[in-house]
Structure formats: C-alpha cells, structure tokens
1. What residues qualify as long-range amide H neighbours of L183, i.e. H under 5 Å apart, gap of 5 or more or another chain, H built at 1.01 Å from N?
2. With θ set to phi - 60°, apply the Karplus curve 6.51 cos²θ - 1.76 cosθ + 1.60 along the range 60-69 and write out the HN-Hα couplings as whole Hz, x wherever there is a Gly or Pro.
3. Per DSSP H run of at least 4 residues, take -39500 (n - 2.57); add these up for the chain, divide by its residues and hand me the 222 nm value, nearest 500 deg cm²/dmol.
4. Using amide H atoms built 1.01 Å from N in the peptide plane, name the residues 5+ places from V65, or on other chains, whose amide H lies under 5 Å from its own.
5. Accessible area per residue, 1.4 Å probe, Å², for the chain: what's the number?
6. For the charge dipole of the range 22-70, defined by +1 on Lys and Arg C-beta atoms and -1 on Asp and Glu C-beta atoms about the Cα centroid, which residue among Q54, H64, T31 has the Cα displaced farthest towards the positive pole?
7. Compute the distance from the alpha-carbon center of the range 162-197 to that of the range 37-72, in whole Å.
8. Please give the helix 28-38 orientation as an angle from the longest Cα principal axis of the chain, in degrees from 0 to 90, rounded to the nearest 10.
Amino acid sequence: MWRRASVTPDEVSSTVLTYGLRPRGDTWQETALRGRAEYHLETHLTLHELRILQLELPPHTRVHVCENPRVVEAAADAGCTAPLICTSGSATTVVLTLLDALAATGCVLAYHGDFDWPGIALANRMMQRYGAEPWRMGAGDYEYLATRAELQRVPPLPLTGMLVEATWDAELAPAMDVLGIALHEEAALDLLLGDLT
C-alpha cells in the first residue's frame, strides 16, 4: 500500500524470529539457516532476506507457530529439533510473508498462543488464513492448564474483555468464560517443548 503511494518502506528493520528451519538449497543463506538449526540457534530474518531466500522445506513439514518469544528461547535452550516460528504477538508483514512462503511450499502449520481473548482472536486469524492446526489449543488443554496452575498455587490472571469464539473448538470460549482465567503460553511451556523435541 505504501509503495502505491510512492513511499518506499525499508525491509530490514522488522524481523521474524525463527528456530530450526532447515530449507533445501545450496546457497549460503540456506546453508547458514541449516547450520544455525544444527547448533540450536534462533534466527531473526528480515523482509529483505525473505525476498531472496528460497525457503523450500520437505513436503508436509510440520512447522509450529507460537505467539511468545519465550517459547523460542526455551526451545533453543532445550535443544529442540522441530521448526518454530514466533509471531511476537499479532503477526506483522514480515511474519506473514514467511508463513505465506512456508504454506505455499506445502508445510503444515500448527499454532499455539495465549488463552485470553486477544490470543483467541490471533489464533482465529492463523487458522483462517493458513488452515493451521490448533497446537494444544483446545478446551481440554485450557482446563488442564488452569487446573494445574491452581494446584501449583499460581496466582490467577483474570480473563478480561469481550468473549471471542474459537473457530476450531466450540467448547473453548465457554470453558474460558466459566473459569475466568487467562493463561499465557508460558503456562504450557513444558508441554510445548515436549512436542518440539
């Protein structure tokens, strides 16, 4: 839109946080990404890099997508092997460009975010745009995590705002509304890391 108005935005200041990407290809960019994945290092990619990078992963590669950078940090610390993309909240242009490229090559996206109303709205957009699979984002997952937090005496975070229906699970929003507790991704960190190993 900016380009149509003769304003050229830069393509290097905004990045997408990635982990474990192992694209095919023999250019130094693909080789560097595979090397960083082997050494369990996260990588920030710019829009400029994404425009020249050939991100072709093996067909049907399952790529996990999270909302919070803490998940990527923990995955790197744990030496996880599965590919992971972080939206860092609401997905920006650079995030969507990467996810569009991965989806176009036949990757299967699996999404996890916060169990609060803004988190459900973000998840709805991921599910609708990419046909992403819910990753530990069902009513049962929420109820388990809420119960575990209560047993561990974690101070509850009140669920506030307008209710948002989850397009992938009709029981999730009512369960959240009844319990009234918001859960950030860190509440499920051990389970997410288990899936990424």
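1. Long-range HN contacts for L183: F115, D116.
2. 6, 4, 8, 10, 7, 10, 10, 9, 10, x
3. Working: 8 runs with 82 residues, N = 197.
Mean residue ellipticity, 222 nm, calculated: -12500 deg cm²/dmol.
4. Under 5 Å from the amide H of V65: I85, A110, Y111, H112.
5. Dividing the accessible area of the chain by its residue count gives 52 Å².
6. Among Q54, H64, T31, the one farthest towards the positive end of the dipole of the range 22-70 is H64.
7. 24
8. Between the helix axis and the principal axis of the chain, the angle is about 40 degrees.
The values are calculated or read from the model by the stated rules, or taken from the named source; none is laboratory data. Here the structure is a predicted model, which is why all the values come from computation and not from measurement. Heads up, the Cβs are rebuilt from the backbone with ideal geometry, glycines too, and the neighbour counts pull from every protein chain shown. Just so you know, the surface numbers come from the protein's heavy atoms only, side chains and all, with ligands and any DNA or RNA stripped out. Shrake-Rupley method; radii C 1.70, N 1.55, O 1.52, S 1.80 Å.
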